[in-house]
Amino acid sequence: MVGVSVGSLRHGGTPWHAETLGDLFYPLYDRLVDEDSEFVANLEETLAGARMASPVEMYVSWALGLGLLVGVACAVAGVGVGYLLYVVGVISSDPILGVQVGDPRLVAAINAAKVPALILTAGLLLGTLGFGAVFGSAVAVPYFRAADRKREINRLLPDAVSFMYALSQGGMSQLDIIEAVAEADDTYGEVAREFETIVKETEYFETDYRSAIRQQSIETPSEELGRFLTDLLSIIDSGGDVTRFLNDKKNQHFRTAKQEEEEVLDTLELFGEIFITISLFPLLLIIMLVVLQLLGRPIELALYATTYVLLPFLGFAFVIVVAIVKIDDPGDGHLEVASNSPVEDEGTRGLFDRGLVDEYVGEYHLFDRIRDRDGTVETLDIVSRPHVYFRDHPAYTAALTLPAAAVLVGMAVVTGAVPTTWSGVVDRPVASTVVYVYLPAFLVGVPLAAFHEWNMRTRRAVMNGFADELRKLASANDTGMTLLESIRTVADTSSGRLASELGVVYAKTRYGMSLEDALVVFNNRYRLPRLARTVKLIAEAQRASNQISAVLTTAAQAVENGDEIRRERRSRTRLQVGIVILTFLTLLAVMAILKTRFIDVIARLTQQTGGGGAAGFSAALNADLLSLLFFHAVTLQAVVAGLVSGYMRDSTVLAGVKYVVGLLTVSLAVWLVVG
């Protein structure tokens, strides 16, 4: 079998317990599995694509061993469960098939063996299911990891090719370009790691870079990257123009990315229509259960299950499916400061992180004092400007709002303002739900939504007109100005947040910071993936030369292409969000009408007739309970619809908080009228 690839070494070796289990069950693998089978070949290729450091025979042996151990445990548990079922009478000695047997001795033998056979069959069935589930899951892990890597590679490949084209325009050699991409793992993620494999092959195994490129084109899980590497190798071998080749590939991959984005948006539109069916199914089920209750059927448990289990399960399962299909922007937007740079990376400092000072605390008394003073200064800054701090860290608002919500709910319980028993909640459905659910939701959700939205708008403001500013930089640089002088010129002649930040970058360089470090610190304040890719390109190009107008023009084109895709995405997702919200409003209206025009009317008729006459069939109706369940159903649906809307719109769950708050407000307003 082929050994482990260099690319998989970044994950380290196989854990010792997995190696031990694999060695123990290798004879079973050798007996059961054909090494020349298509299954082994596909799995070996997938392990390389997933960068999992394990030979295929050891991995399958480990999966077999783990599956057998779990299968045996499940079989033993199945025998125990079967015996318990026999003890309680579920498995009995009654005739099963009703076949008449004439021989009394055969009848006695069958009766004696029937119950043990059923118990052993239950154990065998459960053991087989356990083995199949564990072995199948273990074998599926590499395929899922390879699929995730393929998705990220395809998403980042257009920007990576633009990066290579810009560096080629700047005069870099082919090997230097490959090394630059390999070192940019903080920006280009899995694409950089594929190129890192090529570099490691040439450095540590003395493989010529042509062979390394050819091998990586075979092992990569992305067909797009494989074709790109194959075409790049043919250009290198033929002595063609690499810069022109990269320009053509850049345009081709951006067209492909736009087509893939349109396909994803079409799929999301289909999902929006599916969401209507998913949302209305629990509603129809609740209506059917209400009718059954009117007929005297005991269906309260089914109503509880539909409201509190089925409805949220369907909603959150839909969110997971959307998250799988939707193409996110890979990366966290953070760039690593050079290891030899004295600049502290302020973009990643936490609340209790003092940065470089922490490395010397305890060794020198001076640094202890610096840490204490620094903490005091930062605390005073937070207290004097808490809104700015919460804008930069929206999730930290929960540290204040969660305790406040808990205190208010606790005070309501202690003072008796709300009931503490389920029957009391049923008697006062609206008031109880407002205190237990809506009050905490609004206290936590409103500040979180407000500061998160402020944070996102502040961060995105720097991207307004970004392509135009890059073209201004390119024009200024083309006149003979250095990159630093071009930055000062653009900062002085432009307005907006980006111009202010460029002015800060220039000021930092005047006080001794290198231009590359100043650009990295500027990027890490905003942590936007597309900004990080552009800053990385500029920082890498300016190392070689101050005249990088062609690089800046290429960066501007990449930003424009990305902006075009994002505008199309936001335009299409606006319609999908509208469908989700209208679906919720429809469900809310139907629930309100059902409550006021059906449940309340029948309840009044029941009271007027004393449970007899024309309304006698509804004597079992509990109007208060149904009102509570309807109210909770629309509340849960508001949460689900809000999260779905936020994720469709901005690819983050936090973005859905503002939709959740808005839909909860509407549902509460309606139920205050009808409840």
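The values are calculated or read from the model by the stated rules, or taken from the named source; none is laboratory data. Remember, predicted model here, so these are calculated numbers, not experimental data. Ideal geometry is used to build each Cβ from the backbone, glycine not excepted, and the neighbour counts take in all protein chains shown.
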task: Please enumerate the residues belonging to the range 184-202 that are out of contact with any Leu (no Cβ under 7 Å at 6 or more places or on another chain), more than 17 Å from G49 (Cβ to Cβ) and surrounded by fewer than 21 Cβ atoms within 10 Å (Cβ to Cβ).
output: D185, V199, T202
task: Give just the number: which of (1) part of a helix (DSSP H, G or I); (2) surrounded by fewer than 16 Cβ atoms within 10 Å (Cβ to Cβ) does A160 not satisfy?
output: (2)
message: Against the condition at pLDDT 80 or above and either outside any helix (DSSP H, G or I) or assigned by TED's automatic domain parsing to the domain that holds A623 (or both), how does L225 come out, does it pass?
response: no
message: Quick check on the range 518-526. Is at least one of its residues out of contact with any Gly (no Cβ under 7 Å at 6 or more places or on another chain), in the same structural domain as K472 (by TED's automatic domain parsing) and of a type in the set (D, E, K, R)?
response: no
task: Just one of (1) touching an Asp or Glu at 6+ places or on another chain (Cβ under 8 Å); (2) surrounded by 18 or more Cβ atoms within 10 Å (Cβ to Cβ) trips up N523, so point out which.
output: (1)
- request: Check off (1) within 28 Å of R567 (Cα to Cα); (2) crowded, with 18+ Cβ neighbours inside 10 Å; (3) outside the structural domain of V321 (by TED's automatic domain parsing) for Q252 and give me the number that stays unchecked.
  value: (2)
- request: Within the range 494-548, count every residue that is assigned to a helix (DSSP H, G or I), over 32 Å from the mean Cα position of the chain (by Cα) and under 25 Å from N455 (Cα atoms).
  value: 9
- request: Please work out if A592 is in contact with a helix residue (DSSP H, G or I) (Cβ under 6 Å, 6 or more places away or on another chain) and either within 30 Å of A474 (Cα to Cα) or of a type in the set (D, E) (or both).
  value: no
- prompt: Residues in the range 430-451: is at least one under 30 Å from D563 (Cβ atoms), out of contact with any Cys (no Cβ under 8 Å at 6 or more places or on another chain) and among the polar types (S, T, N, Q)?
  reply: no
- request: With respect to A147, determine if the residue is among the small types (G, A, S), assigned to a helix (DSSP H, G or I), touching a Phe, Trp or Tyr at 6+ places or on another chain (Cβ under 9 Å) and under 25 Å from E44 (Cα atoms).
  value: no
message: Taking the criterion of being among the basic types (K, R) and assigned by TED's automatic domain parsing to the domain that holds V490, would at least one residue in the range 452-474 satisfy it?
response: yes
- prompt: Hey, among the residues in the range 390-421 that are of a type in the set (S, T, Y) and out of contact with any Leu (no Cβ under 9 Å at 6 or more places or on another chain), which one's nearest to K658 (Cα to Cα)?
  reply: T420
- line: All-but-one check, Y204 against (1) over 17 Å from L156 (Cα atoms); (2) of a type in the set (F, W, Y); (3) under 33 Å from the mean Cα position of the chain (by Cα), failing number (3)
field: Failed criterion for Q542 (all others in (1) touching a residue at least 60 places away in the same chain (Cβ under 8 Å); (2) crowded, with 19+ Cβ neighbours inside 10 Å hold)
entry: (1)
- prompt: What are the pairs, 6+ residues apart or on separate chains, where a residue within the range 242-254 that is more than 13 Å from A166 (Cα to Cα) has its Cβ under 8 Å from a residue that is in a helix (DSSP H, G or I) and of a type in the set (D, E)?
  reply: H253/E224
- request: Hey, could you check the range 306-346 for residues that are exposed (fewer than 14 other Cβ atoms within 10 Å of the Cβ) and at pLDDT 85 or above and say which is farthest from the chain's Cα centre (by Cα)?
  value: V309
- prompt: Being in contact with a Ser or Thr (Cβ under 8 Å, 6 or more places away or on another chain), modelled with pLDDT under 80 and surrounded by 15 or more Cβ atoms within 10 Å (Cβ to Cβ), is that true of even one residue in the range 348-359?
  reply: no
query: Is there a residue being surrounded by 18 or more Cβ atoms within 10 Å (Cβ to Cβ), aromatic (F, W, Y) and within 23 Å of E568 (Cβ to Cβ) anywhere in the range 226-246?
result: no
